[in-house]
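**Student:** First, the structure itself, so that you have it in front of you.
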């Protein structure tokens, strides 16, 4: 069983830390989240919502029931026990349906800030979320950006991930300053405690940070990876079901939305490229640890996908400060060939191929040669594994 104890607050220089003693059978851990001290009065100490959501995947993965030694949101408890936990277990048979055992339920609305927020990674989805909501007013208006260290900079946490987090934060703050908005940073040791793949638990990790700020955020936009029509329960990546998962993490105080789910990645890229303030800051790279002359390595799969999307729309030239366009031109046809040749294309792959055809993008013969080589190597490897299994089983 996992036991989550009542949270405590303490000040450390310009930060405020909210923590809880966590008992996992015989082991004791201290789970903490660090916020700028100016947001101390918005931190929720009445409920254990944030700690529960942060540790939920650990309980499901190991079959540990979770006992709460303080209150939890009544709405969140209902959503988790009736819908989200069963859905996650249905998506992933390796997970175990567990019980949540709260000391007390709290149906009170804690929100006083009455404003909205969203995460800012400077990627396509987060920029698209911001510009899609830029004309909203009142409680739907984005008042703050957030930036979290709970796995997106390194699945298992640690100092290497923290270093990447701090390096990326410079660009995030610079962009936010240009938009006259503050960034609420959140550092945490959640990843170190979980020790699980980020893609399987990213929504829960990120939303756990926001649930600490229920008094501030009436609404929160979490950038979705996929459009509505690509919804499915997926054991590898919860992004496919964000539109459901996020709704089930809402409380009496804060509502969560799977933002820009009405737009394809192509449409999001078009929206972002219409805003020159993004040109020096777009960051989509999956190789943050390597030394590189540009913000983006320009050759990882996300860099290539983004550059090709922007090029087809005649917008790549605007991002010459953040991409090595020479490197891209050298390898783009190989990428397109592999994109066309591979099996099991993702929804984003399918969107990009459709965009190529729609815009009559010229494909030289070598693209098809690359595609054939990719398929040849794929089946060669598959046959090699097949015969290896036969030999080992005889």
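The values are calculated or read from the model by the stated rules, or taken from the named source; none is laboratory data. This structure is a prediction, so every number in the text was calculated from the model and none was measured. Note: ideal-geometry Cβ built from the backbone for every residue, glycine included; neighbour counts use all protein chains shown.
**Student:** Of the residues 50, 13, 91, 87, which is within 21 Å of residue 242 (Cβ to Cβ) and surrounded by fewer than 18 Cβ atoms within 10 Å (Cβ to Cβ)?
**Tutor:** It is 87.
**Student:** Contact list please: Cβ distance under 8 Å, first residue in the stretch 149-176 and farther than 23 Å from residue 31 by Cβ, second residue assigned to a helix (DSSP H, G or I), pairs at least six apart or on different chains.
**Tutor:** Note: pairs meeting the criteria are 175/277; 175/278.
**Student:** Just to be sure I understand, how many residues within the stretch 172-193 are more than 16 Å from the chain's Cα centre (by Cα), surrounded by 18 or more Cβ atoms within 10 Å (Cβ to Cβ) and under 22 Å from residue 7 (Cα atoms)?
**Tutor:** Residues meeting the conditions: 3.
**Student:** Answer yes or no as to whether residue 45 is in contact with a strand residue (DSSP E or B) (Cβ under 7 Å, 6 or more places away or on another chain), touching a residue at least 24 places away in the same chain (Cβ under 8 Å) and within 24 Å of residue 217 (Cβ to Cβ).
**Tutor:** So residue 45 fits the description; yes.
**Student:** Checking residue 261 against (1) touching a helix residue (DSSP H, G or I) at 6+ places or on another chain (Cβ under 6 Å); (2) not in a loop (DSSP other than H, G, I, E, B), which single condition isn't satisfied?
**Tutor:** Evaluating residue 261 over (1) touching a helix residue (DSSP H, G or I) at 6+ places or on another chain (Cβ under 6 Å); (2) not in a loop (DSSP other than H, G, I, E, B) leaves (2) as the failure.
**Student:** Can you say whether residue 66 is under 24 Å from the mean Cα position of the chain (by Cα) and either within 19 Å of residue 246 (Cβ to Cβ) or modelled with pLDDT of 95 or more (or both), as far as the supplied structure shows?
**Tutor:** In short, no.
**Student:** To continue, here is another question. Select, from 307, 270, the only residue that is within 27 Å of residue 140 (Cβ to Cβ) and not assigned by TED's automatic domain parsing to the domain that holds residue 119.
**Tutor:** 270
**Student:** Considering the stretch 347-365 alone, what residues qualify as being surrounded by fewer than 13 Cβ atoms within 10 Å (Cβ to Cβ) and farther than 30 Å from residue 239 by Cα?
**Tutor:** 360, 362, 364, 365 - these are the residues of the stretch 347-365 that are surrounded by fewer than 13 Cβ atoms within 10 Å (Cβ to Cβ) and farther than 30 Å from residue 239 by Cα.
**Student:** Is one or more of the residues making up the stretch 166-181 under 21 Å from residue 238 (Cβ atoms) and in contact with a strand residue (DSSP E or B) (Cβ under 8 Å, 6 or more places away or on another chain)?
**Tutor:** No, that holds for no residue.
**Student:** Could you tell me how many of the residues in the stretch 184-200 are more than 13 Å from residue 54 (Cβ to Cβ) and in contact (Cβ under 8 Å) with a residue 60 or more places away in the chain?
**Tutor:** 4
**Student:** For the stretch 225-248, does any single residue satisfy the condition of being more than 24 Å from residue 144 (Cα to Cα), outside the structural domain of residue 18 (by TED's automatic domain parsing) and not in a helix (DSSP H, G or I)?
**Tutor:** No, that holds for no residue.
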